[in-house]
Amino acid sequence: MKAFILAAGKGTRLGKLTETLPKALVYFNGKPMLQLLLEKLKNQGFNDVLINIYHHGDKIVDFLKENKNFGLDIKISDEREELLDTGGAVKKAAWFFEGSEPVLVHNVDIYTDLYFPDLIKTHKQSRNLVTLLVKERESSRKLLFDEELRLAGWKNIKSGEYKWVNAPLKEYVERAYSGIYIASPGYPGKIKNTGSFPVVPVWLDLAKNNSVKGLEHNNSLWFDLGTVEKISVAEKILSKTKSRT
C-alpha cells in the first residue's frame, strides 16, 4: 500500500518550535510526529511512502537516514525551491500515483486511531476518484455534501463565503475535513492547475464530473497537532485514555 505524507508546511502556528525544526519533527507523545505516522503506516501494512519537504527539509532527510527509513521504502518530493501547497504537491508527485493502487494522502500534523486498510477497501468499493475523511467538529471552514455525501461545496464560516460545485443546495450536510484522503491513480492527471495552489478548489472542480465523496469517522480518535496548545490537549487526552485501559 502507498501513502503520501504532506510534511512541507512551515508550521508557523507552532511558533518557536519550528524556528529550527520542520513541523514533522516536532514531538508529540514522546516522538516526532513524522515517526509516529511512519510507524503506524508500517504496522498497518504500508510499504511505499512519499514525503514532501520544504521548511528545514534537510533535517527530515537526515532524520530518515539516521533511522534507516523505519524499514519502509521512502522517497522524497523536494519542494525546497518552491512550496507548492496542498494541491501543487500532488501535481508534482503525479508519478507516485501511477499504477493500480489508490494512495492515502495524510497531513503530517494529524494523529488518529483510524485503520487505514479499511478506508482503502471502502474507497476501492466506492469507485470514487477521491474519498475525503470528514468529521463533525468545530471548524472555521466546512465542506458541504449532499445527502449521499457527494461533495457539493465549501464555506468559510467567518467570512460567509461559499463555493459550489454546481448550483447551490438548499439543504446540505456540513463536515470538517480531517486532513486525510484517499485518491485513485488517475487523480493527479485530472488536475488542471499548475505551480503552487491549494487542494480544496481542485476537489470542487473535479466533483463536477467525477465521484468525490466524504467518509465520516465521527467515533474515531482524531487530533490536529497544528499548535502547541492542541498538542498539549491531545497529549492529556491520550494520557487519560491509556490510564483507563
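Only the coordinates and a few stated rules stand behind these numbers; no lab work does. Remember, it's a predicted structure, so these values are computed and weren't measured experimentally. All Cβ positions, even for glycine, are placed from backbone atoms using ideal geometry, and neighbour counts span all protein chains on display.
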Hand me the trypsin sites (Lys or Arg not before Pro) from the stretch 154-184 located in a DSSP loop with no more than 16 other Cβ atoms within 10 Å, in residue order please. Lys158, Lys170
For the chain, what relative contact order do you get, as a whole percent, if you take Cα pairs closer than 8 Å and at least 6 residues apart? 24 percent
Treat the chain as a sphere of radius equal to its Kirkwood radius over Cα pairs and apply Stokes-Einstein at 20 °C in a medium of 1.002 mPa s; give the translational diffusion coefficient in µm²/s, rounded to a whole number. 115 µm²/s
Pairs Lys163/Lys213; Lys65/Lys240; Lys23/Lys65; Lys2/Lys208; Lys121/Lys163: which are spaced more than 23 Å apart, C-alpha to C-alpha? Lys65/Lys240; Lys2/Lys208; Lys121/Lys163
In the P(r) worked out for the stretch 116-245, what percent of Cα pairs fall beyond 21 Å? 48 percent
Run the dipole for the stretch 2-244 about the Cα centre, Lys and Arg Cβ at +1, Asp and Glu Cβ at -1, nothing else charged, and hand back the magnitude in debye, nearest 20. 320 debye
Quick query: amide H of Ser77 versus all other amide H atoms, modeled in the peptide plane; which residues come in under 5 Å with a sequence gap of 5 or more or a different chain? Ile51, Asn52, Ile53
Helix-only [θ]222 nm of the chain, DSSP H runs n ≥ 4, -39500 (n - 2.57) each, per residue, nearest 500: -8000 deg cm²/dmol
